[in-house]
Amino acid sequence: MTTATLAPSRRPGLWRRLLQPLVSPEVFDFWAGLVRPGWSWDRPLGRIVARQEAAHEAVTLLIQPNRHWQGFTPGQHLNVGVQVDGRWVQRSYSLSGIPRRDGRIAITVRRVEGGVVSEHLTRRARVGEVLTLGPAFGEMTWPTRATTERVEQAPWLFLAAGSGITPLMSLVRAWAEADMPAGLTLVYWARTRAEFCFADELRELAMRNGRFRVHFVLTREPQLRDNELQGRLSEARLASLVPDLAERQVYACGPSGFVDTARRVAGSARAFQAEAFTPPALTTVAPLTGTVAVHLALSQRTLEVTAGQSLLTALEAQGLRPAFGCRIGVCRTCVCPKQNGSTQDMNTGDMHHGHDSALRLCVSRPASDITLNL
Ligand SMILES: Cc1cc2nc3c(=O)[nH]c(=O)nc-3n(C[C@H](O)[C@H](O)[C@H](O)COP(=O)(O)OP(=O)(O)OC[C@H]3O[C@@H](n4cnc5c(N)ncnc54)[C@H](O)[C@@H]3O)c2cc1C
């Protein structure tokens with residue numbers, strides 16, 4: 001594969017070495033930002049350098065990160081911070097392009113009705129605006145070189161719904177750049193035709209590469225065109241499109257309901273991995289009821305919270321502001337050590353008793369009184 005992470009050079013500049021004893025990073029950032037947006041002492045920031053409509057109510061933003069951002073691998077996501085009404089807010093977005101020599105990165109954002117960040121990025125963000133960038137995260141990438149030989153022999157299947165196409169598009173582009181070393185079929189769902197992102201590029205790639213197939217499936221379009229299908233993801237649909245499912249390695253991405261269905265209907269595949277863009281629907285996990293005491297060891301406080309919700313939501317409801325990123329258990333921004341007590345993983349239903357050095361607040365709910373290092 002030719003798509004290894006491209007990290008910018010990390011050599012400290014002369015001006016930084018000279019200024020270090022004289023000025024704090026915060027003061028430097030303030031003045032540097034006035035002179036040249038995107039400059040920072042040590043914070044990864046990115047400046048929007050181009051924006052392009054990707055579909056109805058969706059936009060691709062090309063961003064120039066500063067030298068502090070560490071690069072990514074196709075299929076990963078990052079947390080992006082934007083200033084909306086004077087307040088910095090952060091959401092996760094997938095990188096839709098592949099690593100470039102100039103270091104620029106692309107995200108493709110779909111507007112969510114009433115959504116704070118997506119409305120800002122799709123409607124108001126302009127070229128020149130500066131965003132904060134978190135490190136890239138996510139495991140749904142192409143296998144490492146060490147395993148590529150084994151993996152290349154098996155064909156792949158990508159299942160994407162809505163914005164779930166973005167990380168998979170990055171992988172398709174990386175695969176195309178590597179001359180499609182194995183068969184790849186992408187099945188892509190949207191409600192209406194106008195919502196499909198990258199449709200022309202995907203069709204073009206499929207025409208040029210015999211090993212790549214794409215199927216567009218619609219759920220709310222009254223009239224179908226040639227090569228379009230209709231209906232939700234089901235076992236029958238998958239069997240008709242991918243008769244060799246048992247041979248395939250599957251990546252699925254989209255809302256949590258779609259990912260749950262994908263996990264069920266593609267369970268017989270050779271391998272299956274998925275990432276959901278929305279918090280777990282909890283349909284598979286038995287409800288927890290009642291209240292529990294959450295003792296915060298560092299701040300010496302004890303809160304009474306309802307057992308059914310995630311610790312992150314419960315703490316926020318009590319006015320606390322723990323760090324968070326993706327809210328689906330992937331980016332690990334909200335990791336916090338648990339000293340004792342029982343918690344349940346809301347994605348899997350697994351119980352964890354006692355000490356846990358890496359409890360993810362966003363997808364864990366308390367099942368007993370617990371003590372956190374907060
Ligand atoms: C790993 C990961 C990767 C992702 N990648 C992408 C991507 O590539 N592209 C993409 O478009 N999205 C992606 N997302 C989703 C993205 O992170 C955001 O969740 C999405 O853009 C919505 O954020 P928002 O700030 O616009 O909406 P929010 O403000 O968070 O609102 C979400 C919903 O809640 C409703 N809401 C907000 N406030 C209230 C309130 N006070 N009362 C009632 N309802 C309310 C809104 O109307 C909206 O429907 C990804 C998510 C994850 C976890």
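Quick one: if the Förster radius is 30 Å, what FRET efficiency do Val116 and Glu201 give, using the C-beta to C-beta distance and rounding to 0.05?
With R0 = 30 Å, the Cβ-Cβ based efficiency is 0.50.
What ³J(HN,Hα) values, in whole Hz, does the Karplus curve 6.51 cos²θ - 1.76 cosθ + 1.60 give for segment 194-211 when θ = phi - 60°, with x put for Gly and Pro?
In residue order, the calculated couplings are 5, 8, 5, 8, 6, 4, 5, 5, 5, 5, 4, 4, 5, 5, 7, 10, x, 8 Hz.
Calculated FRET efficiency, Leu18 and Leu320, Cβ-Cβ r, R0 35 Å, to nearest 0.05? Don't jump to the answer; show the numbers that get you there.
On the way: r = 41 Å, r/R0 = 1.16.
E(calc), rounded to 0.05, equals 0.30.
Once the chain is represented by equal point scatterers at the alpha-carbon sites, with solvent omitted, what log10 I(q)/I(0) does the Debye formula produce at q = 0.08, 0.13, 0.15 Å⁻¹?
Results for the chain at q = 0.08, 0.13, 0.15 Å⁻¹ read -0.47, -1.17, -1.39.
Sum up the charges of everything whose Cβ sits under 10 Å from the Cβ of Leu245, counting Lys and Arg as +1 and Asp and Glu as -1, but leave Leu245 out. Write down the numbers at each step before the final one.
Working: positive: Arg248, Arg270; negative: Glu235, Asp244, Glu247.
Around Leu245, the surrounding residues sum to -1.
Once the dipole of the chain is set up with Lys and Arg at +1 and Asp and Glu at -1 on Cβ about the Cα centre, which of His353, Trp142, Leu303 lies farthest towards its positive end?
Ranked along the dipole, the leading option is Trp142.
Output wanted: per-residue J couplings in Hz (rounded whole) for segment 45-53, from phi through Karplus 6.51 cos²θ - 1.76 cosθ + 1.60, θ = phi - 60°, x for Gly and Pro.
So the J values, rounded to whole Hz, are 10, x, 10, 5, 10, 7, 9, 9, 5.
Grab the other residues whose beta carbon is less than 14 angstrom from that of Arg91, score K and R as +1, D and E as -1, and report the net.
Working: positive: Arg87, Arg110, Arg111, Arg327; negative: Glu119.
Local charge sum for Arg91: +3.
Within the P(r) computed for segment 295-367, what percentage of the Cα pairs occupies the region above 20 Å?
Details: 498 of 2628 pairs.
For segment 295-367, the fraction of Cα-Cα distances above 20 Å is 19 percent.
What FRET efficiency would be calculated for the residue pair His353, Gln70, taking the C-beta separation as r and a Förster radius of 35 Å, to the nearest 0.05? Numbers along the way, then the final one.
Details: r = 36 Å, r/R0 = 1.02.
Computed FRET efficiency for His353 and Gln70: 0.45.
Arrange the following residues from fewest to most other Cβ atoms within 10 Å of their Cβ: Ile63, Ile370. Numbers along the way, then the final one.
Numbers: Ile63 26, Ile370 23.
Fewest to most other Cβ atoms nearby, the residues stand as Ile370, Ile63.
Would you calculate the separation in nanometres between label points at Asn227 and Gln339, each defined as 7 Å from the Cα along the Cα-to-beta-carbon direction?
Spacing of the two 7 Å Cα→Cβ label points: 6.2 nm.
Run through segment 289-374 and list the trypsin sites (Lys or Arg not before Pro) located in a DSSP loop whose Cβ has at most 15 other Cβ atoms within 10 Å.
On the way: sites: Arg301, Arg327, Arg332, Lys338, Arg360; in loops: Arg327, Arg332.
Of the trypsin sites (Lys or Arg not before Pro), the ones in loops of segment 289-374 whose Cβ has at most 15 other Cβ atoms within 10 Å are Arg332.
Bin width 5 Å, alpha-carbon pairs only: give the P(r) of segment 38-184 as whole percents, running from 0 to the bin holding the largest distance.
2, 9, 18, 22, 19, 13, 8, 5, 2, 0, 0
Between Asp244 and Arg123, what is the label-to-label distance in nm when each label sits 7 Å out along the Cα-to-Cβ direction?
4.7
In segment 200-235, which trypsin sites (Lys or Arg not before Pro) fall in coil by DSSP and have 16 or fewer other Cβ atoms within 10 Å?
Numbers: sites: Arg203, Arg208, Arg211, Arg213, Arg220, Arg225, Arg232; in loops: Arg211, Arg220, Arg225, Arg232.
In loop regions of segment 200-235 (DSSP not H, G, I, E or B), the sparsely surrounded trypsin sites (Lys or Arg not before Pro) are Arg211, Arg220, Arg225, Arg232.
With a Cα-only, solvent-free Debye model of segment 240-374, what are the log10 I(q)/I(0) values at q = 0.13, 0.16, 0.19 Å⁻¹?
At q = 0.13, 0.16, 0.19 Å⁻¹ the computed log10 ratios are -0.59, -0.80, -1.03.
Work out the length of the dipole vector of the chain about its Cα centre, built from +1 on the beta-carbon of each Lys and Arg and -1 on the beta-carbon of each Asp and Glu, and round it to the nearest 20 debye. Show your work: numbers first, answer last.
Numbers: 43 positive and 33 negative charges, 183 e Å.
That gives a dipole near 880 debye.
Over every pair of different alpha-carbon atoms in segment 146-276, take the mean of 1/r and invert it; report that Kirkwood radius in Å.
On the way: mean 1/r = 0.0675 Å⁻¹.
Here the Kirkwood hydrodynamic radius works out to 14.8 Å.
Here, each number is a calculation from the coordinates, and none is a lab measurement. In this text, all values refer to a predicted model and were calculated from it rather than measured experimentally. Because the Cβ atoms are built from the backbone with ideal geometry, glycine has one as well, and the counts that use them run over all protein chains shown.
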